[in-house]
Amino acid sequence: MIASALKKKNNSTTALCFEDTKERIKNIFKKVELSISSYDTAWVAMIPSSTSPHAPFFPQCLNWLLDNQLVDGSWGLPDRHPLLMNDSLLSTLACILALKQWNIAEDKINKGLEFIESNFTSIIDDQQQHPIGFDILFPSLIEYAHSLGINIAIRSTTLEAIIQKRDRELKRGFECNSEGWKAYLAYVSEGMLNSMDFNTIIKYQRKNGSLFNSPATTAAVFQHSNNADCLSYLQSVLQKFGNAVPTVYPLDIYGRLYMIDSLERLGIDRHFEKEIQSVLDETYRYWLQEEEDIFLDPTTCAMAFRILRLNGYDVSSDPFYQYSEDKFANSLKGYLKDVSAVLELYKASQVIIHPDESVLFKQSSWTRHFLEQDSSTYQLYADKLRIYVDNEVNEVLNFPQHKNLERMLNRRSVEHYNANETRILKTSYRSCNLASKEILKLAVGDFNLCQSIHNQELKQLEGWIVENRLDKLKFARQKQAYCYFIGAATLFSPELSDSRLALAKSTVLVTVVDDFFDVGSSEEEQLNIIQLFKIWDVDVDTVCCSEAVKIIFSAMRSTICEFGEKSVKRQGRNVTENLIKIWSNMIQSMFIEAEWSRSKTIPTIDVYMENACETFGLEPLILTALYLLGPKLSDDVATNKELNYILKTTSICGRLLNDIQTFKREFEQGKLNAVTLHMVHGNGVVTVEDAIDKLKSVVEENRMELLRLVLQEKGSLVPRPCKDVFWKMMKASYLFYDENDKFTLNEMYSTVNAVIKDPIFLNELLGDSKKHTLSKALVV
């Protein structure tokens, strides 16, 4: 009694904490927050007044610099990452120049110079991560400092080395003179304005008046051109942020999309359906309006396309023609070899739903090749610390979209989530929309809560197996953990318990029946169980020809009736008759397969596939789960062409993936298989490799078609949550049969435990990240 009361109280406290955390995350959706950039603010502070060249145009920015020097003499984000020292050097030097220009705060200038002089060696440290344009900007600002009479006590050889490095980069760039180089030079033009043609820069001006949404670049251009649109942009940024500016603005579309992507990957998006729907509707409007902040940035464009398409919005892949391999190379992010941009383009290419989307096929090829390169060999730019980018690249390459089973993705995403992530452009910045401890806290708590429920359900499943004496069948594979894992990994939400357990029990029964027909029965027993299904209401003590038949039929009958009774709550009717028919069809197909084996019959490939898709067993698994999932599934919908086509497409993928991995074992056992049939009907010309290549292409075609069917909104009668189950079960087929028959070979216990048994510990994930908290520099 006491233990039960304590458990109830703890659950209530946990639920209350979850609600508080969810409310705080919902508030993050309302606005995209960005940390202040001392580097960009310094450039705005350097602009002279239009009425007096001896006074700043934006004195409030100058005052911000005076108020925000850090204790060590630097300017920049507090609690900087140790690998971002060069970022602090650049920001500090820019702030020193702004103060010197107005001849104020000599003590702060000296303190800043001491910081630079003490940490100057980090410039030649290969482990340090450079902001964009650092090799041009820093030496140029050093030269500007000297022209202002600022003496920086650094070794002349080191100074000469960085200036020579800059000059070599400029020489290479001007020699190639590509469009990507020109865009890059314009982006870092605050370090080059004395030698830049204004007309070559202003062509990059956006509708909002900015250059690249960069306050620093825009401020420098305005200082030299008095462009009215530049001024309007700077004034609008200061109106929003007060007396300082961020390093990029606006970032609203990308920030909110990235937040949605994170919530989906972490498995907690279901808590924010209203907020996500609002953002997606707004993003879709921007997409139709061809908004610059989407289509001028390959990262945002690719993310918007992928998320919108996967959420059922009708978006064309045509915009990616502007990001073909050669055109991307001639863009700013292409010149930088921006890993994050290529990563998003690759992920977008994985949601092909039309065979004529050649642009996405090509995009998949060149982006994958790019990502597979050893990043240490190439000068690649990353907008995050290298270790996190490398993790993301490995994740995407090893687990493409169609192989990424939901709950496994959730766990990996939680474990790799950097709650205090720092992004890097010309200077570093942070945003709680891009990384938040609140999001991590909810993800960990939610995962562990679901897992505790899964643990209890697995025990229920094990009890059900013993209660129905299925453990007494020595010929049957005992795979209850695997069988439950399929449900937990695809239908993990607590409220889906009935559907999840139905899927798990159905998977156990399909496995038992498969083994029964394969190795555990005679022809008499097989005919007996088929007959029992036709009669149904029988006395098992008198009509079963063996104990095995009695155990199997009794378990199937009681369980199917249980499912039927539970369906009344969800469907408003008892679907027992529907389920009997579905299970009966599978058993009869298994009998046909056994008959072929006994009679040495070699069917045609088409006849084999029609029967083999039934024996793979997805129909009883998925349809049973769908009836208990929630959405109404009328008899008309459950038997219509659309659902049958979705089922057939899913079954083809699963059956062929299975056959490719099991054909050697099944050949030795004298069993039919799609691989061997292609060879037999190939008149001695088709090799094993030929057959496997052919079947893999069929799988790919059907996988693409299945995604199209799942995402199709217009004219579809099957509810989207139901269609999603088919897609998830296809992913499960890849998990079990992509490399070998992991279901039979017991190769997945660590994976199963990670989803069902092993909790995640929040403190371990936070660890060192406590040193890099989102600082007081974060503003609205």
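The values are calculated or read from the model by the stated rules, or taken from the named source; none is laboratory data. Everything quoted here is computed from the prediction, not taken from an experiment. We place every Cβ from the backbone using ideal geometry, glycine too, and count neighbours over all the protein chains shown. Remember, those area values only see protein heavy atoms, side chains included, never the ligands or the DNA or RNA. Shrake-Rupley method; radii C 1.70, N 1.55, O 1.52, S 1.80 Å.
With the requirement that a residue be part of a loop (DSSP other than H, G, I, E, B) and among the charged types (D, E, K, R), what does the range 115-167 give you? Quick ask: steps written out before the conclusion?
Step one: list which residues in the range 115-167 are part of a loop (DSSP other than H, G, I, E, B), which gives 125-133, 148-155.
Selection gives Asp125, Asp126, Arg155.
Just one of the numbered conditions (1) buried (at least 19 other Cβ atoms within 10 Å of the Cβ); (2) in contact (Cβ under 8 Å) with a residue 40 or more places away in the chain is not true of Gln101: (1). For the range 272-290, the criterion of being of a type in the set (A, V, I, L, M), within 28 Å of Thr422 (Cβ to Cβ), touching a residue at least 12 places away in the same chain (Cβ under 8 Å) and buried (at least 23 other Cβ atoms within 10 Å of the Cβ) is satisfied by no residue at all.
In this structure, Thr218 qualifies as modelled with pLDDT of 95 or more, over 24 Å from Val279 (Cβ atoms) and in contact with a strand residue (DSSP E or B) (Cβ under 9 Å, 6 or more places away or on another chain).
Of everything in the range 683-723 that is open to solvent by 60 Å² or more (accessible area, probe 1.4 Å) and small (Gly, Ala, Ser), the residue that is nearest to Asp636 (Cα to Cα) is Gly715.
Regarding the range 245-252, can at least one residue be identified that is in a helix (DSSP H, G or I), at pLDDT 95 or above, surrounded by fewer than 21 Cβ atoms within 10 Å (Cβ to Cβ) and within 23 Å of the chain's Cα centre (by Cα)?
Looking for residues that are in a helix (DSSP H, G or I), at pLDDT 95 or above, surrounded by fewer than 21 Cβ atoms within 10 Å (Cβ to Cβ) and within 23 Å of the chain's Cα centre (by Cα), one finds at least one in the range 245-252, hence yes.
The number of residues in the range 637-680 being open to solvent by 20 Å² or more (accessible area, probe 1.4 Å), at pLDDT below 90 and not aliphatic (A, V, I, L, M) comes to 9. Residue check: is Phe115 within 20 Å of Ile424 (Cβ to Cβ), aromatic (Phe, Trp, Tyr) and either surrounded by fewer than 22 Cβ atoms within 10 Å (Cβ to Cβ) or at pLDDT 95 or above (or both)? It is true that Phe115 is within 20 Å of Ile424 (Cβ to Cβ), aromatic (Phe, Trp, Tyr) and either surrounded by fewer than 22 Cβ atoms within 10 Å (Cβ to Cβ) or at pLDDT 95 or above (or both).
Scanning the range 232-244 for residues that are surrounded by fewer than 18 Cβ atoms within 10 Å (Cβ to Cβ) and touching a residue at least 12 places away in the same chain (Cβ under 8 Å) returns Ser232, Ser236, Lys240, Gly242. Of everything in the range 568-616 that is open to solvent by less than 50 Å² (accessible area, probe 1.4 Å) and over 23 Å from Thr511 (Cα atoms), the residue that is nearest to the chain's Cα centre (by Cα) is Gln571. Among the residues examined, Trp75 qualifies as of a type outside the set (Asp, Glu) and either in contact with a Cys (Cβ under 7 Å, 6 or more places away or on another chain) or in contact (Cβ under 8 Å) with a residue 60 or more places away in the chain (or both). Any residue at all in the range 219-233 that's among the acidic types (Asp, Glu) and outside any loop (DSSP other than H, G, I, E, B)? The answer is yes, given that some residue of the range 219-233 is among the acidic types (Asp, Glu) and outside any loop (DSSP other than H, G, I, E, B). Look at Ala304 and say whether it is over 18 Å from Ala348 (Cβ atoms), small (Gly, Ala, Ser), in contact with a Ser or Thr (Cβ under 7 Å, 6 or more places away or on another chain) and open to solvent by less than 40 Å² (accessible area, probe 1.4 Å). So Ala304 fails the test.
If a residue has to be of a type outside the set (S, T, N, Q), closer than 22 Å to Tyr204 by Cβ and touching a residue at least 40 places away in the same chain (Cβ under 8 Å) to count, how many in the range 131-168 make the cut?
Here is the first cut: in the range 131-168, the residues of a type outside the set (S, T, N, Q) are 131-139, 141-146, 148-150, 152-155, 159-163, 165-168.
From what is left, the residues that are closer than 22 Å to Tyr204 by Cβ are 131-137, 141, 166.
Still in the running and touching a residue at least 40 places away in the same chain (Cβ under 8 Å): 131-134, 136-137, 141.
Of the residues in that region, 7 qualify.
Lys581 meets all of the listed conditions (1) under 21 Å from Phe616 (Cα atoms); (2) touching a Lys or Arg at 6+ places or on another chain (Cβ under 8 Å) but one, namely (2).
Can you name the residue in the range 522-546 that is in contact (Cβ under 8 Å) with a residue 60 or more places away in the chain and of a type outside the set (Val, Ile, Thr) and is also nearest to Asp498 (Cα to Cα) among such residues?
Residues of the range 522-546 that are in contact (Cβ under 8 Å) with a residue 60 or more places away in the chain, as a first pass: 523, 526-527, 530.
Filter once more, so that each one left must be of a type outside the set (Val, Ile, Thr): 523, 526-527.
Values: Glu523: 35, Gln526: 30, Leu527: 32 Å.
Step by step, filter the range 522-546, then rank; the result is Gln526.
When only residues in the range 719-757 that are of a type in the set (Phe, Trp, Tyr) and within 19 Å of the chain's Cα centre (by Cα) count, which is modelled with the highest pLDDT? Steps first, answer last, please.
As a first pass, look at the range 719-757 and keep what is of a type in the set (Phe, Trp, Tyr): 726-727, 734, 736-737, 743, 749.
The next check asks that each one be within 19 Å of the chain's Cα centre (by Cα); those that pass are 727, 734.
Details: Trp727: 97, Tyr734: 92.
Out of the qualifying residues, it is Trp727.
Flag not set for Arg477, criterion: at pLDDT 95 or above and either surrounded by fewer than 20 Cβ atoms within 10 Å (Cβ to Cβ) or out of contact with any strand residue (DSSP E or B) (no Cβ under 9 Å at 6 or more places or on another chain) (or both).
Any idea which of Ala555, Ala625 is farther than 25 Å from Gly520 by Cβ and open to solvent by less than 20 Å² (accessible area, probe 1.4 Å)? Can you show your working first?
Values: Ala555 fails: farther than 25 Å from Gly520 by Cβ.
Just one listed residue meets the conditions, Ala625.
For Tyr429, the conditions (1) in contact with a helix residue (DSSP H, G or I) (Cβ under 7 Å, 6 or more places away or on another chain); (2) surrounded by 23 or more Cβ atoms within 10 Å (Cβ to Cβ) all hold with the exception of (1).
Just one of the listed residues (Lys207, Lys182, Lys171) is more than 22 Å from Asn119 (Cβ to Cβ), among the basic types (Lys, Arg) and either in a loop (DSSP other than H, G, I, E, B) or touching a residue at least 40 places away in the same chain (Cβ under 8 Å) (or both), and it is Lys207.
Condition check ((1) at pLDDT 95 or above; (2) of a type outside the set (S, T, N, Q); (3) out of contact with any helix residue (DSSP H, G or I) (no Cβ under 7 Å at 6 or more places or on another chain)) across all residues:
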| residue | (1), (2), (3) |
| --- | --- |
| Ile580 | yes, yes, no |
| Asn585 | yes, no, no |
| Ala594 | no, yes, no |
| Pro603 | yes, yes, no |
| Cys613 | yes, yes, no |
| Leu618 | yes, yes, no |
| Tyr627 | yes, yes, no |
| Gly630 | no, yes, no |
| Ser634 | no, no, yes |
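Residues that are loosely packed, with under 15 Cβ neighbours inside 10 Å and hydrophobic (A, V, I, L, M, F, W, C) within the range 174-215 comprise Phe174, Cys176, Phe198, listed in sequence order.
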